[in-house]
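Worksheet: one structure, shown below.
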Amino acid sequence: MLDYKFVVVGSGFWGSTIAERIASVLDEDVLVIEKRGHIGGNCYSEVCHQTGIEYHKYGTHIFHTSNRDVWDYINSFSPFNAYRHQVLATWNGAVYQMPINLETINAFYKVNLRPYEVDAFLKKEVQKSDLPNVDSLENYSISKVGRPLYEAFIKGYTWKQWGISPQKIPATVVKRLPFRTNYNESYYESRWQGIPETGYGAIFKKMLSHGRIRVLVNTDFFDIRNDLPENARIFYSGPVDRLLDFRYGKLEWRSLKFEQEIKNVSDFQGTSVMNYTEAEIPFNRIHEWKHLHPERSVFSGDHTLIAREYSLNGTGQEPFYPINDKKNQALVEKYQHEATLFPNITIGGRFGEYKYYDMHQTIANALTVFNTMKHGE
Ligand SMILES: Cc1cc2nc3c(=O)[nH]c(=O)nc-3n(C[C@H](O)[C@H](O)[C@H](O)COP(=O)(O)OP(=O)(O)OC[C@H]3O[C@@H](n4cnc5c(N)ncnc54)[C@H](O)[C@@H]3O)c2cc1C
């Protein structure tokens, strides 16, 4: 019998934050159950033994937030470096700024527009397309930037990422992506940004190092569920459909595959993330990890570590991105409604809510869940 009053399923930022708060604030024992062989969920990072370069096992993770509570909380586990995220895209043999900004537009059209001239310029491009509605990602994007920019930078990338035509994807998926008429090249607009100087792997180790916390890795919650006390208070960040035995069918996900390679050059691409927007190129982007830590001595070494990222159908693969369509949204609502029938289980995180959350949103949500529980609500 695992005699714990508090049990946390999953050691990503959602589960680790709740476990850390229970131990540090309530001074109670807590059991963390993690299916994978390591803690940290999808934000986990580790150092490559051959190169000494730290890499993010599940894709580049940049911490950014305008929420002071979250920023103070995460900084209590590691200082952050001054990294500012910028994304570039290779298309047709040349490199452009992403998200689309004035530099992208001027370089693409070989013009020298001023910010106040952009709207009128793009309006002429947009008017060349007959758009019956702007409900799809394709039509919405064309209505903002015109067909040529859409076809160069959005169409092929979106096809690769989601595996379906951008005509079939709702516009909501692209609405959160910024589009700028100035030279601002910062990917995020959050007040605070950076990469933990000690690395994400070390942050999770520190979060879960409290003497009141016991972590079981390589352990599936469903294999040991019967060994837990019936009245244990459970915080579950696994998939919500699994909690209910997939009784209405499985939620669908997109997956990713990373192909790591050591390059015998000091700097392969000059930046941390390079998108490849053409449909003919099978991968979506290349990550070059050392650029995330310019403060480390390994930065100037004579080799580098890169990873090509491929998008995959999620069936039978590690789930990464929830699919934002009507079918899956209806299914998740059904599951979430039914999950309220378990009064001792609180469900959260990206698996539990079937939502794309950034790290700061995940931590903010976990802090709210903890505070609500602490106040007995
Ligand atoms: C490719 C990619 C890039 C991203 N980049 C950024 C970024 O730059 N900035 C940013 O802010 N956010 C980024 N994110 C989002 C970030 O990864 C999430 O916000 C974060 O991982 C959510 O944490 P979580 O705890 O909800 O889930 P996870 O990190 O997925 O953790 C859930 C954990 O639960 C475990 N688990 C599941 N089922 C069970 C079970 N039955 N038993 C035991 N354990 C179980 C899993 O193994 C996993 O470790 C990115 C996401 C992706 C996919």
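The values are calculated or read from the model by the stated rules, or taken from the named source; none is laboratory data. Please read these numbers as outputs of a predicted model, since none were measured by experiment. Don't worry about glycine lacking a Cβ; one is built from the backbone with ideal geometry, like all the others, and counts go over all protein chains shown. Protein only, heavy atoms only, side chains kept; ligands, DNA and RNA dropped before computing areas. Shrake-Rupley method; radii C 1.70, N 1.55, O 1.52, S 1.80 Å.
Things to note:
- Just one residue in the set ASN371, ASN328, ASN344, ASN365 is out of contact with any helix residue (DSSP H, G or I) (no Cβ under 6 Å at 6 or more places or on another chain) and within 14 Å of the ligand (Cβ to nearest atom); that residue is ASN365.
- Residues of segment 297-328 satisfying the condition of being among the charged types (D, E, K, R) and part of a loop (DSSP other than H, G, I, E, B): ASP302, GLU318, ASP325
- Helices (runs of 4 or more DSSP H) (entirely within segment 165-264) containing at least 2 residues that are more than 28 Å from THR315 (Cα to Cα) and more than 10 Å from the ligand (Cβ to nearest atom): 200-207
- All positions within segment 263-295 that are open to solvent by less than 60 Å² (accessible area, probe 1.4 Å), out of contact with any helix residue (DSSP H, G or I) (no Cβ under 9 Å at 6 or more places or on another chain) and farther than 17 Å from TYR157 by Cβ: LYS263, GLU288, TRP289, LEU292
- The residues in segment 164-197 that are in contact with a Leu (Cβ under 8 Å, 6 or more places away or on another chain), at pLDDT 90 or above and open to solvent by less than 40 Å² (accessible area, probe 1.4 Å) can be counted, and the count is 3.
- Scanning segment 22-41 for residues that are out of contact with any strand residue (DSSP E or B) (no Cβ under 9 Å at 6 or more places or on another chain) and near the ligand (Cβ under 6 Å from one of its atoms) turns up ARG36, GLY41.
- Only a single item in (1) within 13 Å of the ligand (Cβ to nearest atom); (2) more than 14 Å from ASP241 (Cβ to Cβ); (3) open to solvent by less than 50 Å² (accessible area, probe 1.4 Å); (4) touching a helix residue (DSSP H, G or I) at 6+ places or on another chain (Cβ under 9 Å) is not met by TYR356, and it is number (3).
- With respect to the conditions (1) part of a helix (DSSP H, G or I); (2) open to solvent by less than 10 Å² (accessible area, probe 1.4 Å); (3) more than 30 Å from VAL298 (Cβ to Cβ), LEU31 falls short on a single one, namely (1).
- The condition of being open to solvent by less than 10 Å² (accessible area, probe 1.4 Å) and more than 8 Å from the ligand (Cβ to nearest atom) holds for VAL7.
- Filter pass, TYR55 being within 16 Å of the ligand (Cβ to nearest atom) and over 21 Å from TYR187 (Cα atoms): no
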